[in-house]
1. Just want to confirm a number: the relative contact order over region 64-154, from Cα pairs under 8 angstrom separated by 6+ residues, in percent.
2. Relative contact order (percent) for the chain, with alpha-carbon contacts under 8 angstrom and 6 or more residues of separation?
3. Name the shape class, rounded, prolate or oblate, that the alpha-carbon gyration tensor gives for the chain, where a ≥ b ≥ c are the square roots of its eigenvalues, rounded holds for a/c under 1.5, and otherwise prolate holds if a/b is larger than b/c and oblate otherwise.
4. So, in nm, how far is label residue 103 from label residue 48 when the simple model puts each one 7 Å beyond its Cα toward the Cβ?
5. At a Förster radius of 35 Å, what calculated FRET efficiency corresponds to the Cβ-Cβ distance of residue 357 and residue 177, to the nearest 0.05?
6. Which order do the peptides 85-93, 155-163, 215-223, 3-11 come out in when sorted by mean C-beta neighbours inside 10 angstrom, highest first?
7. Quick one: grab the alpha carbon gyration tensor of region 136-289, order the square roots of its eigenvalues as a ≥ b ≥ c, and give me rounded if a/c is under 1.5, else prolate or oblate depending on whether a/b is larger than b/c.
8. If I take R0 = 51 Å and measure r between the Cβ atoms of residue 335 and residue 4 in this structure, what FRET efficiency does the formula 1/(1 + (r/R0)^6) give, to the nearest 0.05?
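Please treat every number below as a calculation from the coordinates, not as lab data. Here the structure is a predicted model, which means the values were calculated and not measured. Virtual Cβ from ideal backbone geometry, glycine too; neighbours counted across all protein chains shown.
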Ligand code: CUA
């Protein structure tokens, strides 16, 4: 095999492998090309035709380059050193390749700008939710009664919305720049300290839509996930009614001991409504604000949606959450987290970012878990 053939076949293999690798995730949970809400569909309707136009341009330009290279290459029967005919100053060609791309771009921009304005419109009368990015988790503060104050529900990482209804988000950050992205529902929106960026979310159907922070924000950027959970409107109402209530005091012994441990170690940063209050400054650059845990057990994940809090359909479940055991507490992971959080998720806890190691002993951890699972 000649060198040239070997190189060409190597390049071909690379192209085929990358195409195959890019195409193999047919039902990826974060596929922006599989829109499941109006905003994502609007974007998809723009992407597809523009991708087609870009494809035609790509084929045309690449084909032209290859054809020219082949047509004007030096041939064995030609004397060496002869230059091909020079086309510099060919007015028709130069005007042509200036005007044609300009026309294409102008055409594309009409639809792009229209889409940008379309997406920027907030839905009147929709529920308002304030979204805060913080190293390395998301906080959601709901205004469910429409009084303009986003203080009715405070939750973390899992944004619960009613399916088939738009929700207006206002996205900001308490420390560095993050970016909120649930690809199946809408485009990305940066979370910038001191700014409120609007984004409207709507899911066609009930379901869990995964997303993540898409702006590099430090050590655990890759572990700053999020979930948009769209519920049937009736289920959403039930969820909301539960979320606005305060936590109940535990009655069993282990949970009561856990509450004491919780008050000793956790309440500086974590709030449980009805138990304590954590002051939230305008911009808390460091930890000191941590997820509100009032209804911790209504979430499926924890620690920036990095770990499953619940495991479904585990036949060997030792800690069922519902009597049917189709929801099982991921006790080993929760305990490991309480034992040493920075070992589970990279965090600069010594610089007060993220949850520090608290030096809890195993009894305290058991009690804490007993308390946490009462928070439903
Ligand atoms: Cu937050 Cu990346």
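1. 13
2. Rounded, it is 14 percent for the chain.
3. Because a/c hits 1.5 or more and a/b exceeds b/c, the chain counts as prolate.
4. Result for the modelled spin labels: 2.6 nm.
5. 0.80
6. Top to bottom by mean Cβ count within 10 Å: 155-163, 215-223, 3-11, 85-93.
7. Because a/c hits 1.5 or more and a/b fails to exceed b/c, region 136-289 counts as oblate.
8. After rounding, the FRET efficiency stands at 0.25.
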